[in-house]
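To keep things clear, I will list the structure first and then write my remarks on it.
The values are calculated or read from the model by the stated rules, or taken from the named source; none is laboratory data. Remember, it's a predicted structure, so these values are computed and weren't measured experimentally. Every residue, glycine as well, gets a Cβ built from its backbone with ideal geometry; the counts of neighbours run over all protein chains shown.
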Amino acid sequence: MRALRIDPDTTVTELDLPQTTPFSLIRVQVGFPDVVDQGVYHHRAVLHLHGSGRTLGLPQNLTAWALASAWRGVPLYPLAGTIVVTGRTTDGDVTALENDLAEHVQVVACTVRETLTQWRRQPPVSDEAAIGELLAYAARDVASSR
């Protein structure tokens, strides 16, 4: 079953999860031995995340945050740690990630990497400006790759 792992450093890795028991491998990938939280930010996708990532101080995952915010159409709360993205059936079950959604992940990750590189050379004027800029880019990426 196709899935993608998004690391806080913007790296995206293709995963092939077993169809029958994907959750044990998702827990390993996310780095959390207990139950992994699931966020539905797109009706055909699930983000699997460390349930205590923010509390433990795991690094922010700007790629997953920008992607989820673009899918939802609003700025969301910060996401932290490694996140696995799978597909979702109409019944809410986990399934393989479809090509168009995998493309969203890849394109947004590339944009976040490029934006962070640009910000090292010329930082944004404020946190609000940075958030607005990154969300606008992610929304553009998701809209243009539909």
Report summary line: Per the filter on region 1-23, residues hydroxyl-bearing (Ser, Thr, Tyr) and surrounded by 11 or more Cβ atoms within 10 Å (Cβ to Cβ) are Thr10, Thr11, Thr13
Report summary line: Of Gly87, Gly92, Gly81, the only residue that is at pLDDT below 95, buried (at least 18 other Cβ atoms within 10 Å of the Cβ) and under 22 Å from Pro22 (Cβ atoms) is Gly81
Report summary line: Counting only residues in region 35-58 that are in contact with a Gly (Cβ under 7 Å, 6 or more places away or on another chain) and surrounded by fewer than 18 Cβ atoms within 10 Å (Cβ to Cβ), the one modelled with the highest pLDDT is identified as Arg44
Query - Selected residue (only one of Val74, Val30 is modelled with pLDDT under 95, crowded, with 16+ Cβ neighbours inside 10 Å, within 30 Å of Gly132 (Cβ to Cβ) and of a type in the set (Val, Ile, Thr)) - result: Val30
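Okay, residues lined up against (1) exposed (fewer than 11 other Cβ atoms within 10 Å of the Cβ); (2) in a loop (DSSP other than H, G, I, E, B); (3) on the phi > 0 side of the Ramachandran plot; (4) of a type outside the set (D, E, K, R):
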{"position": "Asp100", "(1), (2), (3), (4)": "no, no, no, no"}
{"position": "Ala109", "(1), (2), (3), (4)": "no, no, no, yes"}
{"position": "Val125", "(1), (2), (3), (4)": "yes, yes, no, yes"}
{"position": "Leu135", "(1), (2), (3), (4)": "no, no, no, yes"}
